[in-house]
């Protein structure tokens, strides 16, 4: 097990109104640690020195909850493709590295403190239309509605979105199109969700605009940084669905 | 809110405006470039001058050209508004300032667009404005053509003797090329046209189109300058 000495430049910001600045820290990490465990080690040291620990968000640490939102060396979730920060291991860094760690930068994601941002704008997009209206009652039998494998797979690929917000952080425009598109697609592709698609896409896009996210300019930086590798074909699908809903529905 | 207003002011509706005006301008460029290839006809400007006369007097083309001016304005104004809104939505950038996975062109469409617009003002001021609103151009008559036409060919050939004008044109065409490489495929994505069968084809056609159109435009000033 080899240890490495790292110099961390970590963003410290007390609240959304505080301008914030980078703070330099030294940490000794071993290659088997995850990135978050490395931060835990640093925080333990800070606590022992009676200093304020670094605030960062985390939950499952298994790459499925989307909480570990941070930008490492300019890239959301760090240098490894298709990986969340919690699943990024220190073996991908070398002894003596300088690492810059900062929060997601977008007007719609206000910094709560240090590396933690408020992503409740995503929740409000879901609340606007990212659901299927089903009357409660007895669950229907499985496979009552036949669905082609291709459709089921396309829906599952979109449903892999963990709502981490890396797409917004990666986007030079701070746009939430990949998130909104994935959430609209995983429901809209399936017959159960197709029924409400017009109302759903209009409501979700309106909410997305209201939250102050930027406009998609098809740079595809989101797809490159998405830890779940969600395809930008979902964005085209949302464009298509929104165009259809706006021009042909009663809405 | 009225559905048309809602659609046109939504983020996706704004992209549709950019896409449709962009596609119209792409079609225009093909016509403009192929028509202007008559500059290379080596007939003292006869075919080019008669073509220019036709393009500026045919009523149908006059109507289309109003659509063209409207498209240019709409594309430019909407593009600048989008870029400003996006800058506001992003706020500050990350420490490295680099965006992984995105091409330089895709991140600088507004800058390229402003360069193209500046070039366009110069270009239209030199030829289009002089032809339409002044009588600075000489009139020439050709055998077999019933009336005298403005000699825009001479103006073009004189302009392209100047090195700085040639350089400005080549830079303008280069900015256009970079803008088109991203813009062509982006126009289809914004309309929701994305398919694993067709997207690679669209990208390929975009590249071929960009190379053909911009090299066609680049040849014109070079032809006169090197003569």
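Bear in mind that the values in this text are calculations on the coordinates, not laboratory data. Just so you know, these numbers come straight off a predicted model, no measurement behind them. Using ideal geometry, Cβ is built from the backbone for each residue, glycine included, and neighbour counts are taken over all protein chains shown.
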Once normalised by the length of segment A:3-110, the mean sequence separation of its alpha carbon contacts under 8 Å that are 6 or more apart gives a contact order in percent of 33 percent
So, relative contact order of chain A in percent, Cα under 8 Å, 6 or more apart, is 19 percent
The rounded separation in angstrom of the Cα centers of segment A:228-244 and segment B:50-124 is 24 Å
When chain A is treated as a Gaussian network with springs between alpha carbons less than 10 Å apart, the largest mean-square fluctuation among A:103, A:53, A:79 is found at A:53
Checking B:133, B:184, B:160 against a Gaussian network model of chain B (alpha-carbon springs below 10 Å), the top fluctuating residue turns out to be B:133
Honestly segment A:120-248 on the Cα gyration tensor test (a ≥ b ≥ c root eigenvalues; a/c under 1.5 rounded, otherwise a/b vs b/c for prolate or oblate) is just prolate
Expressed in Å to one decimal, the Kirkwood Rh of the protein assembly as shown from all distinct alpha-carbon pairs is 25.6 Å
Quick calc: nm separation of the 7 Å Cα→Cβ label points for residue B:134 and residue A:50 -> 8.0 nm
When B:128, B:104, A:100 are ranked with the fewest other C-beta atoms within 10 Å first, the list becomes B:104, B:128, A:100
The simple spin-label model distance between residue B:167 and residue B:3, using points 7 Å out along Cα→Cβ, in nm, is 5.5 nm
Here D for chain A, in µm²/s, from Stokes-Einstein with a Kirkwood Rh over Cα pairs at 25 °C and 0.890 mPa s, works out to 126 µm²/s
Rounded to the nearest Å, the spacing of the alpha-carbon centers of segment A:48-68 and segment B:145-171 is 66 Å
With the 8 Å Cα cutoff and a minimum separation of six or more residues, chain B has a relative contact order in percent of 29 percent
Per the C-alpha gyration tensor (a ≥ b ≥ c, the square roots of its eigenvalues), segment B:2-98 is rounded if a/c is under 1.5, else prolate if a/b beats b/c, else oblate; here it's oblate
Of segment A:112-145, those with amide N under 13 Å from the point 7 Å along the Cα→Cβ vector of residue A:194 are A:145
Note to self: C-alpha centroids of segment A:206-221 and segment A:153-192 sit apart, in Å, by 12 Å
Relative to chain B, whose Cα atoms define the longest principal axis, helix B:11-36 and its Cα axis are tilted in degrees, nearest 10, by 20 degrees
In nm, the gap between the two label points placed 7 Å beyond Cα toward Cβ at residue A:133 and residue B:41 is 6.5 nm
With a ≥ b ≥ c from the Cα gyration tensor eigenvalues, square-rooted, and the rule rounded for a/c under 1.5, otherwise prolate when a/b > b/c and oblate otherwise, chain B is prolate
